[in-house]
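Notes to accompany the following structure.
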Amino acid sequence: MSEEYSNTQFGNSQLMMASIKESPYKTMGALAELIDNSLDANANLIQLIAVDTETQAAGGRRVQRLDKIAVLDNGEGMDPETIQDCLSIGFSAGRGGRDQIGKFGYGMSVGSLTQTWRFEVYSWQDNGPIYHTYVDYDEMMKRADNALPAVVEVPKKEVPIIGKMQMMNKYKMGESGTMVLWSQLDFDKVRILTSRGIIDRFHNDLSRIYRHFLDDNDNYGEKRDIEVVHINSEGREEGRKPLLSNDPIYLLTPNTLPIVDGIDFSVEQTNQIHAERSFNCAYLDKNGEKKESEVKMKFTYAKPSVRAVGGSSDLGKHYKRNNGISFVRAGREIEMSDFNLVNRYETTERWWGCEVRFSPELDKVFGVANDKQHINNIHGYDDSNPPPIFGEEDDDD
């Protein structure tokens, strides 16, 4: 039977762009997509750079305001063909890899467009040419066409932020690397006015999401240097904050815990292991074959000496911010939440932690969202949602 097609297109390019613009990414989630790409490119140095510009506030006063955000890495870099591929929705160089964080080839373009009207990509390999292209929302809407601009070669001195000679001492470009630049921020989405605000707002959460890449133990997640950098309107560095591990089960070191009464808790494990469990979870691979993948769960609770410091202390407040169950996929946290299973207002609940580790092949089982920010298949059993009753022949499912 021959195939016949109508003249009706699957989608209107302008409506599709408008839909992408309204995708439910938050700023931190969109930035995390860029950091994920850097990790998958084997970068060992990743810098989130926030740049201010000087503008005039009400009354004529000159003030610093956030102008651009970039994620710069020293990873493997990309050739022109790969740059074009990675900007097209649906391409993922790491798709299908057990330890790759990338999922749908969705995050860089869609996540970035939710936060900026224009983003640019610069990439190079083996000290070779620097290649550049961009995606501009308004330009695509005017053209009513979603074709990507050609990749072109640019001189090093024309690369924004890092191309200026006064910045080279601080931002020596690796032999290979990539920079993704949000060059026209959408402040209805970003909602942060200064570079200092970026550091203050996202440092804690990014330190938790990437904690297994920030500690001194490489058993799960190889150590990388990730830092948040503030550049003022004159191109000078105002602040730099390396990320340390923010571990909600309090086993990783060094970490973000404070000094309390002269005790530096950032260099010690403040929890002890209560229990560790693992099981093999069945799933269907892309060919429909049944396979198994291991899920590991770790439960910890605070040492008595730590609980004695008190819930009202800076240490206790740190524990309160990390109250919940953390689901970690390929070393990167997807979500930490109480999932309506925990009474977070009960003070004693803050002194325990739970981490669940799984690999990307179990994404459908756990219900990992496209933006890798949520777990959708975790629910508590109650009268309205009782445990399933299986027949003996169904138990394996």
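The values are calculated or read from the model by the stated rules, or taken from the named source; none is laboratory data. Not measured: the values here are computed from a predicted model. Methodologically, a virtual Cβ is constructed for each residue, glycine included, from the backbone with ideal geometry; neighbour enumeration extends over all protein chains shown. The accessibility values were calculated without ligands, DNA or RNA, using every heavy atom of the protein model including side chains. Shrake-Rupley method; radii C 1.70, N 1.55, O 1.52, S 1.80 Å.
A few comments on the model shown:
- A Förster radius of 35 Å, combined with the Cβ-Cβ distance separating LYS223 from ASP188, puts the computed FRET efficiency at roughly 0.40.
- For the chain, built as a Gaussian network whose Cα springs stay under 10 Å, the top-fluctuating residue of ALA144, ALA57, ALA30: ALA57
- Phi-derived couplings, Karplus 6.51 cos²θ - 1.76 cosθ + 1.60 at θ = phi - 60°, listed residue by residue for the stretch 200-212: 5, 6, 9, 4, 5, 6, 5, 5, 7, 4, 10, 4, 6 Hz, with x used for Gly and Pro.
- Per residue, the convex hull around the alpha carbon atoms of the stretch 302-341 comes to 94 Å³.
- Here the Gaussian network model covers the chain, with springs between Cα atoms less than 10 Å apart; of LYS286, LYS223, LYS189, LYS286 fluctuates the most.
- Convex hull of the chain built on C-alpha atoms - directionally averaged projected area, nm²: 27.1
- Taking the Cα centre of the stretch 247-375 as reference, the dipole from Cβ charges on Lys and Arg (+1) and Asp and Glu (-1) amounts to some 160 debye.
- Sorting 115-121, 287-293, 346-352 by their mean Cβ neighbour count within 10 Å, with the most densely packed peptide first, gives 115-121, 346-352, 287-293.
- A P(r) calculated from all alpha carbon pairs of the stretch 158-312, with 10 Å bins opening at zero, reads 8, 25, 28, 21, 15, 3 percent.
- Charge dipole of the chain (Cα centre as origin; +1 on each Lys and Arg Cβ, -1 on each Asp and Glu Cβ, all else neutral): 1740 debye, rounded to the nearest 20.
- Accessible area (Å², per residue) of the stretch 286-397, counting only protein heavy atoms and a probe of 1.4 Å: 58
- What the phi angles of the stretch 294-305 give under the Karplus curve with 6.51, -1.76 and 1.60, with θ = phi - 60°, is a coupling list of 7, 10, 10, 10, 10, 10, 9, 9, 5, 5, x, 5 Hz, glycine and proline written as x.
- Once the 1.4 Å probe is applied to the protein heavy atoms, the stretch 111-240 comes out at 47 Å² accessible per residue.
- All Cα pairs of the stretch 184-229, percent lying beyond 18 Å: 43
- With every protein chain in place, the stretch 250-312: carbon and sulfur % of accessible area (1.4 Å): 48
- The chain, helix-only ellipticity at 222 nm - DSSP H runs n ≥ 4, -39,500 (n - 2.57), divided by all residues, nearest 500: -5000 deg cm²/dmol
- Per residue convex hull volume, Cα atoms of the stretch 288-397, in Å³: 154
- Compactness of the stretch 230-330 as Cα Rg over 2.2 N^0.38 Å, two decimals: 1.53
- The orientation-averaged projection of the convex hull spanning the C-alpha atoms of the stretch 110-235 amounts to 10.0 square nanometres.
- When Rg and Dmax are taken over the Cα atoms of the stretch 282-351, they come to 17.0, 54 Å.
- Charge dipole (the stretch 247-348, unit charges on Cβ, about Cα centre) - positive-most of GLY262, PHE339, LEU284: LEU284
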